[in-house]
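Since the structure comes first, as structure tokens, the remarks are kept for the end.
Laboratory data are not the source of any read-out in this text; all were calculated from the coordinates shown. From a predicted model like this one, the values you see are computed outputs, not experimental measurements. Cβ: placed from backbone, ideal geometry, glycine included. Neighbour counts: every protein chain shown.
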Amino acid sequence: MLSTVSRQLRSHPALIPLFIFIGGGCTMSLSYLARLALRNPDVCWDRKNNPEPWNKMAPTDQYKFYTVNMDYSKLKKDRPDF
Amino acid sequence: MAHPAQMGFQDAATPVMEELLHFHDHALMIVYLISTMVFYIIVAMVTTELTNKYILDSQEIEIMWTALPAIILVLIAMPSIRVLYLMDEINDPHLTIKAMGHQWYWSYEYTDYENLTFDSYMTPTQDLTPGQFRLLETDHRMVVPTDAPIRVLVSAEDVLHSWAVPSLGVKMDAVPGRLNQTAFIASRAGVFYGQCSEICGANHSFMPIVVEAVPLEHFEIWTAMMMEDV
């Protein structure tokens, strides 16, 4: 399969940017989905040991992918523990 | 509010809406450039008398028209993601207001300090005074202080509604049984109009939202006055 693809690539080099951009796009989408699955506090993987991770959120943790203006390390915790 | 024959957004009253305006300008300029180029190519193709019957492929142009659109899309995506995450940030609000949707009016609850609750019905057309806007005015406005982050908790008491004020760059669905959060900072004083944005029955078009941003001293006077009346 790979030898067929590389043979076709040599005669049609215009396919190389296609592979790069489509591959890059798929990589970025899948890594974001993986990040959501593993890091998002709304997701529960282990019902026995960590049943409700959304109850363990600290105010200084950053759960979002990107912050424009907020500096989460500066936030104070002013609510009681659950 | 909107002006007759208006083509673009309403004037921004919050920093987030300004960012949305600038992003829209950026994306629209890219769209104009691409459309102009495509239109030119179409006209050139249709009006030429030259022909070439023997061209089969061209690797160079294929590379170009794969790489260039991908780069353009990245240039659109980067500011878009930035504005998207900016809209989600809620930096330490000074005031929390609950906006509850009913059929067919909004009710606002300012319960941080005192228990101030009031309903906001649309002013019927026959009751408008000269200078007021038809189908947009309400009997009570949601008054907020300027330059203060305001958190709005939106929900509904019966069916789906949506609390939207275009000048503030805010739209949040009001779902019964669910509390949705949005926030804004009114950078300037003014009166900002919006309308219910989720079909909710016969008078869906007749339950507008009016937000009045005033300096803090006037806001305090207003809350004192409302507490006496209510």
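Here are the numbers for the structure shown:
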item	result
Check on A:Tyr66, within 14 Å of another protein chain (Cβ to nearest Cβ), assigned to a loop (DSSP other than H, G, I, E, B) and either surrounded by fewer than 10 Cβ atoms within 10 Å (Cβ to Cβ) or not hydrophobic (A, V, I, L, M, F, W, C) (or both)	yes
Test: residue in the stretch B:154-169 that is under 23 Å from B:Met225 (Cβ atoms) and in contact with a helix residue (DSSP H, G or I) (Cβ under 8 Å, 6 or more places away or on another chain)	no
Complete set of residues in the stretch A:13-37 that are without any contact (Cβ under 8 Å) to a residue 12 or more places away in the chain, surrounded by 11 or more Cβ atoms within 10 Å (Cβ to Cβ) and over 17 Å from B:Val74 (Cα atoms)	A:Pro13, A:Ala14, A:Leu15, A:Ile16, A:Leu36
Subset of the stretch B:47-82 [over 16 Å from A:Leu15 (Cβ atoms) and of a type in the set (Val, Ile, Thr)]	B:Thr47, B:Thr48, B:Thr51, B:Ile55, B:Ile71, B:Ile72, B:Val74, B:Ile76, B:Ile81
Sole exception among (1) assigned to a loop (DSSP other than H, G, I, E, B); (2) in contact (Cβ under 8 Å) with a residue 60 or more places away in the chain for B:Leu20, by number	(1)
Odd one out for B:Met64 among (1) over 31 Å from the mean Cα position of the chain (by Cα); (2) surrounded by fewer than 12 Cβ atoms within 10 Å (Cβ to Cβ)	(2)
Residue in the stretch B:16-33 that is more than 14 Å from chain A (Cβ to nearest Cβ), touching a Leu at 6+ places or on another chain (Cβ under 8 Å) and among the hydrophobic types (A, V, I, L, M, F, W, C) present	yes
Looking only at the stretch B:37-78, and only at residues there that are over 29 Å from B:His26 (Cα atoms) and either touching a residue at least 60 places away in the same chain (Cβ under 8 Å) or of a type in the set (Val, Ile, Thr) (or both), the one that is nearest to the other protein chains (Cβ to nearest Cβ)	B:Ile55
Residue in the stretch A:19-34 that is more than 14 Å from chain B (Cβ to nearest Cβ), closer than 21 Å to B:Asp88 by Cβ and not hydrophobic (A, V, I, L, M, F, W, C) present	yes
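This table checks each residue for (1) within 10 Å of chain B (Cβ to nearest Cβ); (2) more than 30 Å from B:Leu73 (Cα to Cα).
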residue: A:Ser11; (1), (2): yes, no
residue: A:Arg39; (1), (2): no, no
residue: A:Val43; (1), (2): no, yes
residue: A:Arg47; (1), (2): no, yes
residue: A:Pro59; (1), (2): no, yes
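One line per residue, one yes/no per condition, for (1) part of a strand (DSSP E or B); (2) without any contact (Cβ under 8 Å) to a residue 60 or more places away in the chain:
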| residue | (1), (2) |
| --- | --- |
| B:Arg134 | no, yes |
| B:Val143 | yes, no |
| B:Leu153 | yes, yes |
| B:Asp158 | no, yes |
| B:Trp163 | yes, no |
| B:Met172 | yes, yes |
| B:Arg178 | no, yes |
| B:Ala183 | yes, no |
